[in-house]
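A short write-up of the structure that comes next.
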Amino acid sequence: MPDSAFKSVKAKSSPIVGFSGLFALSLFALLAIALSSCKEETSIIGAQYFSDTITVRTVTVKDSSFFGFSNYAFSTVTTASQTFNANYASSSIFIGKVSDANENAESWGVFKFVVLGLDSLAHIDSAQLQLRLLPYRFGDIGNTHIEFTVYPETGGKIDNATTTLGTADLGATPLGHFVGDLPSDSSNTITINLDTAQLKKYDPLKLALVVVPGAMTNVRAVGTSEVATAGFAPQLLYTVDYSGTITEVSHPAYLDYHLFNDKSAALPGEFTIRGSANRRESVSINLANLNKTIDSIGKYTTVNNAFLVLKIDSLHSRHSDNVSDTLGPSIIQLRAANATLDSTGVLVSYGTRDPSDPSLYKFQIRRMIELWQRDPTQNFGFELRTGDIIRGFLGYSVSVEDYTLNRWTFYGIDAADPNNRPKLVLTYSRF
Amino acid sequence: MLRFLMIAFACALVLQPTKSIRAQGSPFDFIGFGRPIETTNAHLDGMGGTGYASTDPRLVNALNPASWTWLARARLESEIHFDIVQTNTATQEGRNQNLRFGGFVFGAPVWNAHSMSIGLGVQPITDANGQIDFGDSVSTRSYRSEGGVSMLFGGVSGMITSGVSLGGRFELLFGNIRHLTDLQFSDINTASGSFERDYSINGSRGTFGLLIAGDSIAPAFHGIHLAFGFSLATKLNTTQRTVVTPFNTDLDTTIETVGVGSYPASIQAGIGISLSDRYRAYGDVHLQDFSAAYLYSTSSSPVADSSLRSTNRFAFGIEKVPNMVGEYGISSFWDRLGLRLGASYYVTPFRPAGSGGINEVAISAGVGIPISYESLLDLAITVGQRTPTTLNAAPTDKFIRLSGSISLSERWFVPSRVSE
């Protein structure tokens, strides 16, 4: 080894440094511990040197160039080439009416039962229609008065797909009548005695019973055959007398649904969504224009908030006393183009009333906006609906709003007062 | 028993889990590649980061591969350091801690004929760790930077003629500088968001060193060592990876774009002077031009990072060599320790807009404690300050760095140049 100032030699003795070394090391360790126990204070200092900062912005858009609104309703559902009334699979049948200065709507119940043949019908001795009341009131929810009249329909107009029916289609003479006062939460069974003399006249294969509301100020609900719980299905009970032998027979309805007729006037500059009429508002968002117009928003934006804010017309809106109906309208994301009978929609959120302004309903649509920004081909828009429930029609799942009569009326994009128009409040962030 | 206690303590210090490592450091760590790490050895830290011309046979000197020629035995070294940085502006103050692992270095003589040695290691060369928190009535944002540039190297050195050593090593530069953001809103209805932008880099370069013993030039220069060296500029392959994690985590998005970066060449020179058998003095100068450097660009005509500049660093140190195995006679505990002092002045690469550049001065002290047969525990403390040329135009850092490194060379380490 040439010149080296250092010696590197064979060990002559153990070089171990004993307690003193440990002492020195311990001192250093204590110093490290003492320094590390100093309180850290993160600060804003140096933020200007951080190259990848985040921009956060909140913007409000309310121009019609960003939105498209259209209203439609459907009364039937067609699956596997068969058509059904949209309320065909409902678990509630609404019977009653609301008629006041702001609303005019009526709902009838239709029922079909398997009954004995024509020959046996001649032996009928007594007959009753039994309807199980459900806790539900729409309209004058403080009123308990019920008045139901049962009419025969014998012309064969009632089938799976019937959507309209008038008094002219019904028999002139009622088969039965019920008047009473029952509270909303009673879950009572309403029993209506039917006129057997009239029943004997009809072809049992064509006979349908139609329950029409009488002097009522609200709408009540009764169970259907779709209710899984025993005792909720509408029943036809009758007795037949064969040579003195009395036989009691009961049949659940094999066809039961309600025919809802909303005769409320259309309101200019507003739109209405309505349960059981399956009236919906289809909304499209013009993302291309949004991205072009609003600074820094684009494909990889994080949408922290996207509230669709709608102003409600309270006078022309109403919901039932059912707890689930107190939820705001729902937002359903559409998953296919022109999905008028949407079986592929996804419930996104429910509207919530703005605590600071009860006339405003806010709908969180953040998830959809983020999704569409990343994949614009998924932008099929969304719908405002009164609710969302999946029913089976011949094994096909279809989303309907047959369990509610709720009516929500909001100011539209063409409202006279621009302050009442829908708006989208976006809070977004990005690099 | 004590020996084992000390080795265990030293190992625990070095191998301490990184759970307590917080991504916090100087605010300047956000700039460019992060803050260059001068040394990753407490031995050198104690001397102000000097030692380019060191011929210490008990040091695997990562600064200069040519110095490995003087290695007497195979050695494995590792380091850990802990920084406390207090940062001030005219109106604000922050205090951050940063515990980092300094990597491993292994060196061994392999061929006596030409005093040939090899060196291998992995070490960080920049530290990009820092954190900023701030908020207003609407939101709070936490910005963190993590990682830095590291290198994996392997090299060889040998005596080309008596007293003249040449060393070279191949360095694979790699690393990931991660910029992370957590965004929270005071309104509970407003969803939070996480953002991440990573710069994953790799490249390679060569580093070469020359170390000349003075008496190979003239007897009058006995006890003096001169060293020169350089590292080549590195073209980096930089992949920018942007990860956006919105509230709906199924919409996590990763965007990757491939670009290039440029890490500058550097030149170093050093001198070591034997003041006596046990006392050595060192002086180093290190030049590196960051003014054309940039971390990431996709442009065919990349623009250099305007907040970086040309750097130079001057360091001086003095050392009392440890009496490791009694080669300087049997003595007391204190006499066996290696003692070191140093100072440095660093024109850092940071030039935030309007600041005129950030300069650093530091003083340091260190101690080398023999802990076993040929193993050393080195401890160092460095105290310094970084200030902008234009006062108050940028933050001022005051920092304390504690370094601990262990240099292991036990009996079972082979080979050894010195017959035993």
(request) Return one number: the angle in degrees, 0 to 90 and rounded to the nearest 10, between the long axis of the Cα atoms of helix B:2-14 and the longest principal axis of the Cα atoms of chain B. (result) 40
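Over the Cα atoms of chain A, what is the Rg over Rh ratio if Rh follows Kirkwood? Kindly include the intermediate steps, with their values, before the conclusion.
Working: Rg = 34.4 Å, Rh = 26.3 Å.
Taking Rh as the inverse mean 1/r over Cα pairs, Rg/Rh reads 1.31.
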(message) When a/c reaches 1.5 or more, the comparison of a/b and b/c decides; with that in mind, is region A:317-388 rounded, prolate or oblate per its Cα gyration tensor?
(response) oblate
(message) Could you list A:THR427, A:THR245, B:THR69 so that the one with the fewest beta carbons within 10 Å of its beta carbon is first and the one with the most is last?
(response) A:THR245, A:THR427, B:THR69
(message) Counting only other chains, and only Cβ atoms inside 10 Å, what mean value do you get across the residues of B:187-193?
(response) 6
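One-quarter of the Cα convex hull surface for region B:326-368, in nm²? Let's see the in-between values first.
Numbers: hull surface 16.6 nm².
Over every viewing direction, the Cα hull of region B:326-368 projects on average to 4.1 nm².
In region A:365-431, which trypsin sites (Lys or Arg not before Pro) fall in coil by DSSP and have 12 or fewer other Cβ atoms within 10 Å?
Listed in order of number, the matching sites amount to none.
Please arrange A:LYS362, A:LYS97, A:LYS263 by how many other C-beta atoms lie within 10 Å of their C-beta, fewest to most. Working shown, then result.
Values: A:LYS362 20, A:LYS97 23, A:LYS263 10.
Fewest-to-most Cβ neighbours within 10 Å comes out as A:LYS263, A:LYS362, A:LYS97.
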(request) Among B:GLY326, B:GLY34, B:GLY147, determine the one that fluctuates most according to a GNM of chain B built with springs between C-alpha atoms less than 10 Å apart. (result) B:GLY326
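Of the peptides A:316-327, A:125-136, how do they stack up when ordered by the mean number of other Cβ atoms within 10 Å, highest first?
Answer by packing, highest mean first, reads A:125-136, A:316-327.
Can you compute the equivalent ellipsoid semi-axes for region B:270-420, i.e. the square root of 5 times each eigenvalue of the Cα gyration tensor, sorted largest first and rounded to whole Å? Intermediate values should be presented prior to the final figure.
Values: eigenvalues 318, 75, 38 Å².
The equivalent ellipsoid of region B:270-420 has semi-axes of 40, 19, 14 Å.
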(request) Report the label-to-label distance for B:ILE363 and A:ALA101 in nanometres (one decimal), using points 7 Å from each Cα along the Cα→Cβ vector. (result) 9.1
(message) Using only DSSP helix segments of four residues or longer, with each worth -39500 (n - 2.57), what per-residue ellipticity at 222 nm results for chain A after dividing by its residue count and rounding to 500?
(response) -2500 deg cm²/dmol
(request) Please list the radius of gyration and Dmax for region B:104-155, considering alpha-carbon atoms only, with Å as the unit. (result) 21.1, 72
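I need B:ARG169, B:ARG278 ordered by Cβ neighbour count within 10 Å, fewest first.
Numbers: B:ARG169 25, B:ARG278 19.
The order, fewest Cβ neighbours first, is B:ARG278, B:ARG169.
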(message) Helix A:19-36 against the longest principal axis of chain A: what's the angle in degrees, Cα atoms only, rounded to the nearest 10?
(response) 50
(message) Which one, A:SER276, A:ASN102, A:SER397, projects farthest toward the positive side of the charge dipole computed for the protein assembly as shown from Cβ point charges (K/R +1, D/E -1)?
(response) A:SER397
(message) Among B:193-202, A:306-315, how do they line up by average Cβ neighbours within 10 Å per residue, starting with the highest?
(response) B:193-202, A:306-315
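Peptide B:245-255: average number of partner chain Cβ atoms within 10 Å per residue? Write out the running numbers ahead of the final one.
Numbers: counts 1, 13, 7, 7, 0, 3, 9, 1, 7, 1, 3.
Mean shielding count: 5.
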(message) Please check: in the Gaussian network model of chain B (C-alpha springs, under 10 Å), which one of B:LEU377, B:LEU180, B:LEU211 has the largest mean-square fluctuation.
(response) B:LEU180
(message) Viscosity 1.002 mPa s, temperature 20 °C: give me the Stokes-Einstein translational D for region A:274-379 in µm²/s, with Rh taken as the Kirkwood radius over C-alpha pairs.
(response) 138
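Cα-Cα over 19 Å: which of A:LYS311/A:LYS362; B:LYS320/B:LYS398; A:LYS62/A:LYS311? The partial results should precede the final answer.
On the way: A:LYS311/A:LYS362 9 Å; B:LYS320/B:LYS398 28 Å; A:LYS62/A:LYS311 12 Å.
With Cα atoms farther than 19 Å apart: B:LYS320/B:LYS398.
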(message) Checking a compactness column here: for chain B, what do you get for Rg(Cα) / (2.2 N^0.38 Å), N being the number of residues?
(response) 1.03
(request) List, largest first, the extents of the alpha carbons of region B:227-324 along their principal axes, each in whole Å. (result) 68, 35, 20
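Given the Cα atoms of region B:79-193, and with Rh set as the inverse mean 1/r over their pairs in the Kirkwood sense, what is Rg to Rh to two decimals?
Values: Rg = 22.6 Å, Rh = 18.1 Å.
With Rh from the inverse mean 1/r over Cα pairs, Rg/Rh is 1.25.
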(message) Please compute, for peptide B:211-222, the average count of beta-carbon atoms on other protein chains lying within 10 Å of each residue's beta-carbon.
(response) 1
(message) Cut-off 10 angstrom, C-alpha nodes, Gaussian network model of chain A. Which of A:PHE94, A:PHE50, A:PHE410 fluctuates the most?
(response) A:PHE50
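Sort the following peptides by mean Cβ neighbour count (other Cβ atoms within 10 Å, averaged over residues), highest first: B:361-368, A:191-198, B:300-307.
On the way: B:361-368: 21.4, A:191-198: 15.4, B:300-307: 13.4.
Highest to lowest by the protection proxy: B:361-368, A:191-198, B:300-307.
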(request) Kindly provide the Kirkwood hydrodynamic radius of the protein assembly as shown in Å, to one decimal, from all pairs of distinct alpha carbon atoms. (result) 33.7
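Obtain the radius of gyration and the Kirkwood radius of region A:122-247 from its C-alpha atoms and give Rg over Rh. Kindly include the intermediate steps, with their values, before the conclusion.
Values: Rg = 15.6 Å, Rh = 15.8 Å.
Value, to two decimals: 0.98.
Since every read-out is calculated from the coordinates, none of them should be taken as a lab result. This structure is a prediction, so every number in the text was calculated from the model and none was measured. In this analysis, Cβ positions are derived from the backbone assuming ideal geometry, glycine residues included, and neighbour counts consider all displayed protein chains.
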